[in-house]
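To start, the structure itself, in structure tokens.
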Amino acid sequence: MVALSMAVMLVLLSTRPVSADIKVIEAESTYVLGDNDSKVDARRIATQEAQRKALELSGTFLASITQVKEYKLTKDEVIAYTAGVVETHIVADESRGTLDHPEHYIKARCTVDTDVLLGQIDRYRENQELREQVETAAREREALRKERDALLRQLGAEKDKTKVVETRKQLDSVLTREESSDDTARVWIKVSPRIDFYGGQENRQELPQADLDASIRSLRNAVQVDPGNVRARILLASLYQHGNDHAAAEKELRSALERAPDNTLVHLKLGIVLREQGKYQEAFKEFRIIEHKRPNQPQMLFQTALTHKAGGNCRLASAYMKRLLLYTKKNDRPDIAKLKPRAKAVIEECGDQPAPRKHNKRTTR
């Protein structure tokens with residue numbers, strides 16, 4: 001028989017100015033072991049449940065904030081954004097119960113800084129590609145949870161010892177993928193605010209080497225245990241790119257595309273990495289894939305223009321930058337606004353070069 005119990009505690013800490021509330025949200029999970037359960041798996045399951053509940057409670061709190069209400073976000077969107085910006089910590093980890101009825105208890109904690117949280121949510125709301133990453137990650141987490149619950153029900157009812165062993169192997173695989181997702185989320189939360197996912201060498205930001213090395217190690221492990229973790233590969237490629245290891249970044253992005261061929265952010269990043277290696281025609285192929293589906297996508301227009309400029313085609317560079325300015329004329333979002341000065345500079349550098357006229361050949365009778 002399997003059982004999970006939850007307890008919840010919400011604490012408000014007034015250690016910051018009134019305008020920046022910090023809330024500590026805690027959730028507890030106790031897993032009661034059945035005859036076919038292992039103590040190791042019991043701890044892993046209780047950990048997953050405590051973390052999940054803490055994030056859901058953080059999302060519920062977030063949904064209550066006036067500014068978020070004005071965004072008119074769905075419950076699923078709020079939870080997805082929360083999981084993308086709020087980190088959970090295990091603050092209690094204990095074996096409990098008796099020899100006949102063992103249990104494992106976990107308490108997870110989330111610390112929510114409303115100013116930071118709202119700023120991060122603004123970033124995701126304004127950027128379709130980043131928004132898709134956190135929403136996809138949320139759907140994958142939920143799918144893994146449902147798969148885990150189904151295996152636990154199967155395990156609890158199984159009498160055949162051979163089938164018990166096989167089911168526990170399947171459960172181990174699912175838990176490993178959940179833990180890989182957790183590791184990726186922790187790196188994402190820590191590093192992604194300091195990374196320009198679209199920036200090439202011209203937008204390189206400072207990232208301490210210790211943070212860079214630790215993040216790369218964690219993400220390498222994440223993709224090793226779960227090769228299908230596309231989010232980890234995107235972030236790993238970004239960190240390789242940050243360290244000017246373009247070949248490694250390209251390898252990760254191509255691996256990501258094998259698993260998610262329609263991922264716009266991966267195509268964009270791969271195009272940028274290819275440009276930085278001087279592979280202009282290959283870069284254009286990646287940008288054209290996006291242009292076919294989203295012909296006025298600002299970053300695609302911007303990166304295509306920069307690639308034409310790098311390849312010496314000023315006419316097309318100018319044309320793409322003009323399209324960018326035209327389709328973002330009324331768009332002053334921060335991520336778009338920072339593109340416009342560079343777009344104007346490219347147009348000025350290239351001059352107003354009209355496209356060459358097409359001459360029809362006359363047919364001589």
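Derivation of every value follows stated rules applied to the coordinates shown; laboratory data play no part. Model, not experiment: these values are computed from the prediction. Note that we place each Cβ from the backbone using ideal geometry, even for glycine, and neighbour counts take in every protein chain shown.
With a 10 Å cut-off between alpha carbons and a GNM built on the chain, which of VAL266, VAL32, VAL85 moves the most?
VAL32
Per residue of the stretch 159-173, in order, report the coupling 6.51 cos²θ - 1.76 cosθ + 1.60 (Karplus, θ = phi - 60°) as ³J(HN,Hα) in whole Hz, putting x for Gly and Pro.
10, 7, 4, 5, 5, 4, 4, 5, 5, 5, 5, 5, 5, 4, 4
Sketch the reach of a paramagnetic label on ASP122 as a point 7 Å from Cα along Cα-to-Cβ, and name the residues of the stretch 46-80 whose backbone nitrogen lies under 16 Å away.
It comes to 66-72, nothing else.
For the stretch 273-330, which trypsin sites (Lys or Arg not before Pro) are both in a DSSP coil and crowded by at most 12 other Cβ atoms within 10 Å?
In loop regions of the stretch 273-330 (DSSP not H, G, I, E or B), the sparsely surrounded trypsin sites (Lys or Arg not before Pro) are LYS329, LYS330.
Just for the Cα atoms in the chain, what are the lengths along the principal axes, largest first, rounded to whole Å?
Ordered largest first, the chain gives principal extents of 98, 55, 42 Å.
Rounded to the nearest 0.05, what FRET efficiency do ASP245 and ARG342 have when you use their Cβ-Cβ distance and R0 = 22 Å?
E between ASP245 and ARG342, to the nearest 0.05, is 0.30.
So what's the projected area for the stretch 229-363, the Cα convex hull averaged over all directions, in nm²?
Quarter of the Cα hull surface area: 10.4 nm².
Pick from GLU103, GLU70, GLU132: which residue has the top mean-square fluctuation in a GNM of the chain where Cα pairs under 10 Å get a spring?
Between GLU103, GLU70, GLU132, it is GLU70 that shows the largest mean-square fluctuation.
When the Kirkwood hydrodynamic radius is evaluated over all pairs of different C-alpha atoms of the stretch 195-294, what value in angstrom, to one decimal, is obtained?
13.6 Å is the Kirkwood radius here.
More than 16 angstrom separation, counting every C-alpha pair in the stretch 299-355; what % is that?
Beyond 16 Å sits 33 percent of the P(r) for the stretch 299-355.
Could you give the nm distance between label points at ASP196 and LYS285, where each point is 7 Å from its Cα heading toward the beta carbon?
2.7
For the stretch 1-193, how big is the tail of P(r) above 25 Å, as a whole percent of Cα pairs?
40
So between ARG315 and LYS169, what do we pick up on full extension, going 0.36 nm a residue minus the alpha carbon distance?
So the chain would gain 46.7 nm between ARG315 and LYS169.
Suppose R0 equals 35 Å. What FRET efficiency, 1/(1 + (r/R0)^6) with r the Cβ-Cβ distance, do ILE22 and LYS161 give to the nearest 0.05?
In this case the efficiency is close to 0.10.
Multiply the residue separation of ASP35 and LYS72 by 0.36 nm, subtract the distance between their alpha-carbon atoms, and state the gained length in nm to one decimal.
So the chain would gain 8.7 nm between ASP35 and LYS72.
Sort out for me the Cα centre separation of the stretch 216-254 from the stretch 32-68, rounded to whole Å.
If you average the Cα positions of each part, the centres end up 27 Å apart.
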